[in-house]
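Colleague: For reference, the structure I am asking about is given below.
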Amino acid sequence: MKKIQLVSALFAIALAACQPAKQTADCPESKEEMKPTAEQLDFLGITNADKLSAASKRALLWDEELVRGNDWFFKYETYDLKGDLAYEEGVVRRDPSAMIKHDGKYYVWYTKSTGPTDGFGGDIENDKVFPWDRCDIWYATSEDGLTWKEEGLAVARGEKGAYDDRSVFTVEIMEHDGMYYLCYQTVGGLYNVRVKNQVGLAWSSSPNGPWTKSKEPILSPADNGVWKGEEQDRFAVIKKGDFDSHKVHDPCIIPYKGKFYLYYKGEQMGEAITFGGRQIRHGVAIADNPKGPYVKSEYNPISNSGHEICVWPYNGGIASLITTDGPEKNTVQWSPDGINFEIKAVVKGAPHAIGLNRTADNEKEPTEILRWGLTHEYKTYDYQYIRGFRTERMRKHTAKGVVKGKDVSVKDQK
Ligand code: AAL
């Protein structure tokens, strides 16, 4: 049974790689219609056109452009940062925003707190339940992206009774029309396992602040799940509700097609473990103005996998890096409309909680914006720190000692 599920999931992934427009021409709808060309058979190394294995059938459904090229694939490595963002004992710095440049300096915002995590076993009124509990948003600047100076607090938790009085964290930056917008996660009240998480917004005419906070959250979880019983158990539900019925996380706003697309991660009440990991999916909410109101797309969820949001504009559409959870984890995807995403590459792994370099020429190559950026790493469960990452494209696969010739990509060899 399990095998059948996996095969059908992979078949669905292969089908997803078929462009809708090509469905009739290059992508046969049934195996009976599969009549591979001699060139396809030769390129894919298929022995007998009349004896196609399930894997060969899927391979024949792949998008031709993706098969011949390797444009979306990358491999990565991480490295330590210097200055104030180097690892500091007793301090949590995590979930870096994207980097922007202002007056010759890179800027980054991030979640910051101090002290170890107590967890949920004790007095949650006074304890710190997660590394991202009891946090505020801080920022740092750098001339070279490697050595950073912590500039101070940007956005603090709200006053007692406010929707963000417990923690503000996991922030993203958007620069638009001379204004700066920080969107971030919020928790208010008691941080128990059933607490709902929302998204807040702050704006300023300078990246150095001061920041004005929205009085109300700009995004909230869907209100259609039903908990079972009073006990603090996030898995006990009568009805799970939408993919984002419990938490809206990792917000990131992108100006797109004259509107503002707020991408986010949803967590569902009664979250299950499905094959490939936790039930995590992404959604989008769209507004006419940066401050909202943000209206959730009727097409949500727009991913079936993933974790932290990492999205960028490319070639008139939106690209998205899907990591950590779900059957399509470790894939790079692209949508022509910001909503309907297709897999473009499967990667070996990817940095988590990426802070993209928004100053990059993101149109140069599909993953140019990923050539270097920020990520975070767990030193221990209690303490995370911000690190750098760099990526490179894979153009060929050569053995040790082979004399390096002209750098010819697989695509160029056609
Ligand atoms: C991250 C993000 C959100 C979660 C926590 C802090 O990976 O998805 O930010 O709340 O973990």
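The values are calculated or read from the model by the stated rules, or taken from the named source; none is laboratory data. Everything numeric in this text was worked out from a predicted model, so none of it was measured. Glycine gets a Cβ as well: all are built from the backbone with ideal geometry, and neighbour counts include every protein chain shown. Protein only, heavy atoms only, side chains kept; ligands, DNA and RNA dropped before computing areas. Shrake-Rupley method; radii C 1.70, N 1.55, O 1.52, S 1.80 Å.
Colleague: Kindly give Rg over Rh for the chain, based on alpha-carbon atoms, with the Kirkwood expression for the hydrodynamic radius.
Modeller: A ratio of 0.99.
Colleague: Can I ask one more? How far is the Cα center of the stretch 63-94 from the Cα center of the stretch 173-192, in Å?
Modeller: Centre-to-centre distance over Cα atoms comes out at 23 Å.
Colleague: In the chain, which longest range has no GluC sites (Glu not before Pro) that are both DSSP loop (not H, G, I, E or B) and surrounded by at most 15 other Cβ atoms within 10 Å?
Modeller: For GluC sites (Glu not before Pro) (loop position, at most 15 other Cβ atoms within 10 Å), the longest site-free span of the chain is 160-229.
Colleague: Right, here's the next one. May I ask you to list the trypsin sites (Lys or Arg not before Pro) in the stretch 35-73 that are in a DSSP loop and have at most 12 other Cβ atoms within 10 Å of their Cβ?
Modeller: Lys51
Colleague: If you don't mind, another one. Per residue, how much accessible area does the chain show when a 1.4 Å probe rolls over the protein heavy atoms, in square angstrom?
Modeller: Solvent-accessible surface per residue comes out at 48 Å².
Colleague: Report the net charge of residues surrounding His376, where surrounding means a beta-carbon distance below 9 angstrom and charges are Lys +1, Arg +1, Asp -1, Glu -1.
Modeller: In short, +1.
Colleague: Further, regarding this structure: At Lys160 and Ser205, where each label point lies 7 Å from the Cα along Cα→Cβ, what is the point-to-point distance in nanometres?
Modeller: 3.6
Colleague: Are there chymotrypsin sites (Phe, Trp or Tyr not before Pro) in the stretch 328-392 that DSSP puts in a loop and that have at most 11 other Cβ atoms within 10 Å, and which ones?
Modeller: Those satisfying the criteria are Tyr381.
Colleague: Do any of Lys196/Lys228; Lys196/Lys265; Lys112/Lys379; Lys75/Lys344; Lys35/Lys57; Lys75/Lys101 go past 18 Å between their Cα atoms, and which?
Modeller: From Lys196/Lys228; Lys196/Lys265; Lys112/Lys379; Lys75/Lys344; Lys35/Lys57; Lys75/Lys101, over 18 Å: Lys75/Lys101.
Colleague: Percent relative contact order of the chain, based on C-alpha pairs within less than 8 angstrom and at least six residues apart?
Modeller: Result for the chain is 16 percent.
Colleague: Right, here's the next one. Which of the chymotrypsin sites (Phe, Trp or Tyr not before Pro) found in the stretch 151-247 are loop residues per DSSP with 15 or fewer other Cβ atoms within 10 Å of their Cβ?
Modeller: Loop-located and lightly packed - Phe235.
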